[in-house]
Amino acid sequence: MLLPTPRAKKPAALHTRVLRLVLSGLSYDALHGVGNFVLMLLLYRPLRRALQMAKKQLRI
């Protein structure tokens, strides 16, 4: 008795593969953007103060 051979899957079209790749990276991009936003909310004033002091010291 012959066993059925598995059929090869038809390769996905290029635009489908590109769309999958883009969508797979969106969650990382969203989390990265939110993290940057929160970090700047926390560090804005100290960084601004430090840059203003450096500007005064350099007399720019």
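Checked against (1) of a type in the set (A, V, I, L, M); (2) surrounded by fewer than 10 Cβ atoms within 10 Å (Cβ to Cβ); (3) more than 25 Å from the chain's Cα centre (by Cα), Met53 meets all criteria but (2). Taking every residue in region 3-20 that is free of Cβ contacts under 8 Å to residues at least 60 places away in the same chain and at negative phi and pairing it with any residue that is small (Gly, Ala, Ser) and part of a loop (DSSP other than H, G, I, E, B), at least 6 positions away or on another chain, the pairs with Cβ-Cβ distances below 9 Å are Arg20/Ala12.
Quick grid of which residues meet (1) part of a helix (DSSP H, G or I); (2) touching a Pro at 6+ places or on another chain (Cβ under 9 Å); (3) aliphatic (A, V, I, L, M):
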{"position": "Arg7", "(1), (2), (3)": "no, no, no"}
{"position": "Ala30", "(1), (2), (3)": "yes, no, yes"}
{"position": "Val34", "(1), (2), (3)": "yes, no, yes"}
{"position": "Arg45", "(1), (2), (3)": "yes, no, no"}
{"position": "Arg48", "(1), (2), (3)": "yes, no, no"}
{"position": "Ala54", "(1), (2), (3)": "yes, no, yes"}
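Values in this text are rule-based calculations from the coordinates and carry no lab data. These figures come from a predicted structure and were not determined experimentally. As a convention, Cβ positions derive from the backbone with ideal geometry for all residues, glycine included, and neighbour counts pool all protein chains shown.
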